[in-house]
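Only one structure is covered here, and it is reproduced in the block below.
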Amino acid sequence: MTQPADPPPPAEPAPAPFPAPKRDLRPLACALLLALLAIGVFSPSFGGPFVFDDEEMIVRGRLTHHGPDPMEMLCGRRDPTEGYRPLLSWSLAVNWALGPNDPRGFHAVNLALHGLNAALLSFLLLRFIPDRRAAFAGALLFAIHPVHAEVASAIGQRACGLACAFYLAGWLAWLRGGRTGLGASLAFYFFGLLSWEGAATLPAALLLSDAALGRLPDRRAWGRTIAACALYALPLLLYFALRHHAAGTLGNPRPTYFAGKGRLVAWLTVARFFVEHYVPGLLLGVNLSPDYSPPSVPDAVTTEFLPWKCAVLLVLLAVLAARRLFTSGSRAGLGLLVAAVAFLPVSNLLLPFYGLGAQRYAYLPSLGVSLIAAAAAERLLLLRARWLQALAGACALAYLLVMANLSLRDAADWADPVRLYTRMSQETPRNPVPLHNLGSSLAARGKLDDAIAAYRSSLELAHDDPLGLHDLGWAYLRAGYPSEAEAAFRRTCEVGDATADAAHEPDLARHVAGAWTGLGVLERRRRRPEEAEVCLRKALRLRPDFGQAWSNLGLVLEAQRQLGEAEAAYRKGVDLEPLLPEPLQNLAAFLEKSDRLDEAAAVYRQAIARAPTFAEAHLSLGLLLMRRGAREEGAAVLRRFLVLAEGRPDLAPLAESVRRNLGPERSRGEQK
């Protein structure tokens, strides 16, 4: 009899599944916080107007108003003085298409770019500094550093912020490794070059970072890395080809800072400038101005000891950093070398150019400074004594608060051009550019006597500067000093006549044409239309596309009763100056005199739409509406004129007359 089979053993319970690892969101949260802090500390500049080069690049820039056509930006022919930064031009064109003549949209993009760069830098620092707290501290310094005020606040300096975003993205892609990472890094490198030529130093930063991470243990690894870095020559060569096709040259036609001076003098001056301005600017946020045009800083004397000491100090620091980096992978050494490499394209050591230095040129090098700060924070966190950690933390917090306060102050200055240029003129008393810009800002506010004083101070530093003479002449003309205006205009023309082939120098031709236009205005006011026409025709021979000259020619032809030709000249001026309200104002006044009141009112409204703060168009439209019986609407427009005329001494008599004619009840609306 067979025995029954043993029952099978009970099945073991299946092991519980391992919980899926949670993704660490702390780095992302820190990056978002850094972006918000970076935007917040420079947010006082958000309401600021177009300043510095913004008028030339954006408000009157040809590329900005061409429309956001990527192929036109990339390959379209342009004057070499316009530069070749197609991604920058495209971003400005998109901004203009979304909100023309409104600087707030431009400021929003600049602030967002700075916030993005702070966030990207936090991810990059984590690849070199394992301690999250130290990496956060380094990125926080970048986010709130006052040396970034120009890039975050000045619309025209967006190029550095845009290039930095692609620079950091390319660096992160390289560290990711693999073919995908290399391909993405090459693409980001090319985009960085199209934003600003200073991004060309990325391959050197990649090689240095591999040395710091221990990726180069032997010659074979060195060979592979150098071969990979050599691939970055392809986008660089493509960039050079596109630049040469678009601009006709690889260089900049503007005169260089050290033109006609020896290389030794240039190198010693640059070394002294680095120690006296860039070092305190990057470490303390002081003594670094947004502009150092010639002759801002005196040339070094080769027999003096100080420039040589500065040069030797910089070389020794670079050698020590390289030794520490390649022997022990020092993060501080990496940061110092990254900063030095990023400075090379803008240092006048390799490629001479117009400016000696600026805040914006420290934007990319400050990545290295942030790495140094993160490495220092990591060392402090390793201190064993708690009281030392607390003391060091308190000092670091005080330092960051001081830097944030300086950034808030500088951002607020960028929102007020008069305050900005006054501070700049005090920081660089030998530089004529801030004084000239101060004069232009004061003239825009109607403070013509103060503007004249600023222009004259600028010309004391830059004798016979055609732009300074031109703007001084127009300030004299607006202020009611015809003799002084004529002298300034004629001196501008003499400078142009003394320059060989002035018609082919765009900047000089523009200033001389403006001076001839000013002389034409003077002759018209003297009731000498024939002489006025001669002056204006000379302006148009220099610049056939000068809309202001055409508009003033219309006034002269109208005075000669050549009404058909006058209207044609007015309309040509409007077509050639699509951004300025004055040609529209002149055309509307002509139509009003011709009893074409509906057309005149429509053109006045166009002028107001083109420049909402143009007080003269509000005055003319308001009076026209009152004349046609639309008294309520006319009174509302005139009240707006009274608001715009505040702070304009040149409009004070007209404002008083309007206020008197409106009466207390109607003019009370201006207080609302």
Exercise for the section: Set Lys and Arg Cβ to +1 and Asp and Glu Cβ to -1, take the dipole of the chain about its Cα centre, and tell me which of 470, 333, 213 lies farthest positive. Expected result: 213
Completion exercise
Measure of exposure for residue 455: accessible area at 1.4 Å probe, Å² rounded to 10, is 10
Exercise for the section: Divide by every residue of the chain the summed helix terms, -39500 (n - 2.57) for each DSSP H run of at least 4, and state the resulting mean residue ellipticity at 222 nm, rounded to the nearest 500 deg cm²/dmol. Expected result: -22000 deg cm²/dmol
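Using a 1.4 Å probe and counting only protein heavy atoms, arrange 75, 395, 229 so the residue with the most accessible area comes first.
Numbers: 75 40, 395 80, 229 20 Å².
Result of the area sort, largest leading: 395, 75, 229.
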Practice task
At 7 Å along the Cα-to-beta-carbon direction for both residue 97 and residue 26, put a label point, then send me their distance in nm to one decimal.
Solution key: 4.4
Practice task
Quote the accessible area belonging to residue 320 in square angstrom, nearest 10, computed with a 1.4 Å probe and with ligands, DNA and RNA left uncounted.
Solution key: 100
Fill in the blank from the handout: Over all directions, segment 268-416 yields a Cα convex hull whose mean projected area in nm² is 10.8
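Can you tell me the length gained on complete extension of the stretch residue 323 to residue 398, counting 0.36 nm per residue apart and subtracting the Cα distance?
Details: separation 75, 0.36 × 75 = 27.00 nm, distance 3.25 nm.
Between residue 323 and residue 398, full extension yields an extra 23.8 nm.
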Problem - Separation between Cα centres of segment 347-393 and segment 170-248, rounded to whole Å - result: 23
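Just tell me the longest site-free run in the chain, where the sites are GluC sites (Glu not before Pro) in a DSSP loop having at most 14 other beta-carbon atoms within 10 Å.
Values: sites that count: 304, 646.
In the chain, the maximal stretch lacking such sites is 305-645.
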Practice task
Heavy atoms only, probe 1.4 angstrom, no DNA, RNA or ligands counted: give me 403, 57 ranked by accessible area, highest first.
Solution key: 57, 403
Fill in the blank from the handout: Contact order relative to length for segment 448-530, counting C-alpha pairs under 8 Å separated by 6 or more residues, stands in percent at 28
Fill in the blank from the handout: Note: the chain, point scatterers on Cα, Debye, no solvent; log10 I/I(0) at q = 0.10, 0.11, 0.12 Å⁻¹ equals -1.02, -1.18, -1.35
Exercise for the section: Please name whichever of 385, 570, 508 sits farthest to the positive end of the charge dipole of the chain, dipole taken about the Cα centre and charges placed at Cβ: Lys and Arg +1, Asp and Glu -1. Expected result: 385
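Give me the extension gain from residue 605 to residue 453: residue separation times 0.36 nm, minus the current Cα-Cα distance, reported in nm with one decimal. Don't jump to the answer; show the numbers that get you there.
On the way: separation 152, 0.36 × 152 = 54.72 nm, distance 3.49 nm.
Once the chain is fully extended between residue 605 and residue 453, it gains 51.2 nm.
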Handout entry: Gain on full stretching of the segment that runs from residue 276 to residue 409 - 0.36 nm per residue minus C-alpha separation
Key = 45.7 nm
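So for 116, 124, what's the accessible-area order with a 1.4 Å probe, most first? Could the numbers behind the result be given before it?
Values: 116 80, 124 5 Å².
Greatest to least solvent exposure: 116, 124.
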Handout entry: Percent RCO, i.e. relative contact order, over the chain, from Cα pairs under 8 Å lying at least 6 residues apart
Key = 11
Practice task
Calculate the dipole size of the chain relative to its Cα centre from +1 charges on Lys and Arg beta carbons and -1 charges on Asp and Glu beta carbons; express the result in debye to the nearest 20.
Solution key: 1520
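What FRET efficiency do you get for residue 250 and residue 594 if R0 is 45 Å and r is their Cβ-Cβ distance, rounded to the nearest 0.05?
Working: r = 53 Å, r/R0 = 1.18.
Efficiency computed from Cβ-Cβ geometry: 0.25.
Roughly how many debye, to the nearest 20, is the charge dipole of segment 453-604 about its Cα centre, given +1 on each Lys and Arg Cβ, -1 on each Asp and Glu Cβ, and no other charges? Walk me through the numbers before you get to the answer.
Working: 19 positive and 26 negative charges, 82 e Å.
That gives segment 453-604 a dipole magnitude of about 400 debye.
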Practice task
Averaging sequence separations of C-alpha pairs under 8 Å and six or more residues apart, then dividing by the length of segment 225-332, give the relative contact order as a whole percent.
Solution key: 22
Problem - Solvent-free Debye scattering, log10 I(q)/I(0), computed from the Cα coordinates of segment 492-635 at q = 0.14, 0.16 Å⁻¹ - result: -0.68, -0.84
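Relative to the Cα centre, what is the charge dipole magnitude of segment 243-336, using +1 at the beta carbon of each Lys and Arg, -1 at the beta carbon of each Asp and Glu, and rounding to the nearest 20 debye?
Magnitude of the dipole: close to 360 debye.
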Exercise for the section: Mind giving me the nanometre distance, one decimal, between the label points for residue 507 and residue 656, set 7 Å out from Cα along Cα→Cβ? Expected result: 4.2
Exercise for the section: Express in Å², to the nearest 10, the accessible area of residue 226 obtained by rolling a 1.4 Å probe over the protein heavy atoms while all chains stay in place. Expected result: 90
Exercise for the section: Work out the charge dipole of the chain with +1 on the Cβ of Lys and Arg and -1 on the Cβ of Asp and Glu about the Cα centre, then indicate which of 242, 43, 183 is farthest towards its positive end. Expected result: 183
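The values are calculated or read from the model by the stated rules, or taken from the named source; none is laboratory data. The model shown is predicted, which means the values in this text are computed figures rather than measured ones. No Cβ is skipped: glycine too gets one built from the backbone with ideal geometry, and neighbour counts run over all protein chains shown. We work out accessible area using only protein heavy atoms, side chains counted, and drop any ligands, DNA or RNA first. Shrake-Rupley method; radii C 1.70, N 1.55, O 1.52, S 1.80 Å.
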